[in-house]
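Heads up: the structure comes next, in structure tokens.
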Amino acid sequence: MSAASSKQSQIGTQIKVLAFFTLLTLAVTWPLILHLNNRVPGWFAADNYEYLWKIWWFKTAIIDLGQSPLFAPDISYPSGFALAYAELTPLHTVIGLPLTWLWGEIATYNLFAMLSFILAGWATYLLVMRWTNNRWAAILAGVLYVLNPYHIVRYGGILPLMAIEGIPVFFLGLEA
């Protein structure tokens with residue numbers, strides 16, 4: 001097998017694995033994909049609305065008002081509230097800013113929720129493939145990682161805690 005053919009085979013495999021974890025995510029989060037722009041996962045008492053507000057506030061403060069998003073003047077009015085005392089979740093607020101600007105805060109929140117499954121599964125697959133060179137073990141490890149009870153419970157409303165993809169990505173980078 002030539003080097004170009006081997007590279008194409010590896011890319012094809014990666015696309016299939018990503019497709020698998022995307023389908024698994026759609027099944028686990030169903031019917032979220034049908035309500036991407038008008039609902040968020042979780043229950044009313046969870047923190048999902050707080051994180052939804054933070055995503056909205058960063059976009060509103062920076063793009064619409066042209067001010068620092070690190071201070072919310074309407075919270076604890078009239079003195080306001082410094083968001084340095086709160087969880088800012090930079091992954092979701094800062095990196096997600098272009099997505100929020102394009103699609104709104106609800107779609108951005110839901111996209112991050114679904115990506116927590118897809119990216120965590122894929123990164124775990126890559127890590128276990130590196131360790132074992134066994135495709136089936138790597139897929140199983142990815143499935144078990146994304147479907148662990150901790151992740152499923154956090155998916156219901158705690159945005160920074162549902163972002164478990166960073167753990168296998170960290171170990172991938174550590175071994176690079």
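State whether the residues of region 131-141 include one that is basic (Lys, Arg) and touching a residue at least 40 places away in the same chain (Cβ under 8 Å). If you could, list the steps in order and put the result at the bottom.
Initial filter on region 131-141 (basic (Lys, Arg)): 135.
Within this subset, residues satisfying the condition of being touching a residue at least 40 places away in the same chain (Cβ under 8 Å) are 135.
Checked against the condition, which is being basic (Lys, Arg) and touching a residue at least 40 places away in the same chain (Cβ under 8 Å), region 131-141 yields at least one hit.
Out of Arg130, Arg154, I need the residue that is more than 19 Å from Gln10 (Cα to Cα) and among the basic types (Lys, Arg). Which one?
Details: Arg130 fails: more than 19 Å from Gln10 (Cα to Cα).
Arg154 is the lone residue from the list that is more than 19 Å from Gln10 (Cα to Cα) and among the basic types (Lys, Arg).
Name the residue that is surrounded by the fewest Cβ atoms within 10 Å (Cβ to Cβ), counting only residues in region 152-173 that are within 21 Å of Asp47 (Cα to Cα) and modelled with pLDDT of 90 or more.
Of all residues in region 152-173, those within 21 Å of Asp47 (Cα to Cα) come to 152-166.
Filter once more, so that each one left must be modelled with pLDDT of 90 or more: 164-166.
Values: Ile164: 22, Glu165: 22, Gly166: 14.
So, considering only residues that are within 21 Å of Asp47 (Cα to Cα) and modelled with pLDDT of 90 or more, the one surrounded by the fewest Cβ atoms within 10 Å (Cβ to Cβ) is Gly166.
If I go through region 42-74 residue by residue, how many of them are hydrophobic (A, V, I, L, M, F, W, C) and either more than 19 Å from the chain's Cα centre (by Cα) or over 22 Å from Ala107 (Cβ atoms) (or both)? If you could, list the steps in order and put the result at the bottom.
The initial filter retains those residues of region 42-74 that are hydrophobic (A, V, I, L, M, F, W, C), namely 43-46, 52-53, 55-58, 61-63, 65, 70-72.
From the residues that got through so far, the ones that are either more than 19 Å from the chain's Cα centre (by Cα) or over 22 Å from Ala107 (Cβ atoms) (or both) too are 44-45, 61-63, 65, 70-72.
The number of residues fulfilling the criteria is 9.
What are the residues in region 47-90 that are surrounded by 14 or more Cβ atoms within 10 Å (Cβ to Cβ), without any contact (Cβ under 8 Å) to a residue 12 or more places away in the chain, not aromatic (Phe, Trp, Tyr) and not in a helix (DSSP H, G or I), if any?
Ile75
Counting only residues that are without any contact (Cβ under 8 Å) to a residue 40 or more places away in the chain and within 9 Å of Pro168 (Cβ to Cβ), how many does region 109-130 have?
Residues in region 109-130 being without any contact (Cβ under 8 Å) to a residue 40 or more places away in the chain and within 9 Å of Pro168 (Cβ to Cβ): 1 in total.
Let me confirm something: among Ala113, Ala137, Ala123, which residue is modelled with pLDDT of 90 or more, among the aliphatic types (A, V, I, L, M), surrounded by fewer than 16 Cβ atoms within 10 Å (Cβ to Cβ) and under 15 Å from Phe21 (Cα atoms)? Explain how you work it out, then say what you get.
Numbers: Ala113 fails: surrounded by fewer than 16 Cβ atoms within 10 Å (Cβ to Cβ); Ala123 fails: surrounded by fewer than 16 Cβ atoms within 10 Å (Cβ to Cβ).
One residue alone meets the criteria, Ala137.
Specify which of the listed residues (Thr29, Thr25, Thr93) is more than 21 Å from Tyr150 (Cβ to Cβ) and either surrounded by 20 or more Cβ atoms within 10 Å (Cβ to Cβ) or at pLDDT 90 or above (or both).
Details: Thr29 fails: more than 21 Å from Tyr150 (Cβ to Cβ); Thr25 fails: more than 21 Å from Tyr150 (Cβ to Cβ).
Residue meeting the stated conditions: Thr93.
Of all residues in region 32-57 being modelled with pLDDT of 90 or more and of a type in the set (S, T, N, Q), which is nearest to Gly142 (Cα to Cα)?
Checking each candidate, the answer is Asn37.
Residues checked against (1) over 25 Å from Leu119 (Cβ atoms); (2) touching a Leu at 6+ places or on another chain (Cβ under 8 Å):
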| position | (1), (2) |
| --- | --- |
| Lys16 | no, no |
| Trp30 | no, no |
| Arg39 | no, yes |
| Asp47 | no, yes |
| Lys59 | no, yes |
| Gly66 | yes, no |
| Asp74 | yes, no |
| Gly80 | yes, no |
| Ala84 | yes, yes |
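The values are calculated or read from the model by the stated rules, or taken from the named source; none is laboratory data. Bear in mind that the values here come from a model prediction, so they are computed numbers and not experimental data. No Cβ is skipped: glycine too gets one built from the backbone with ideal geometry, and neighbour counts run over all protein chains shown.
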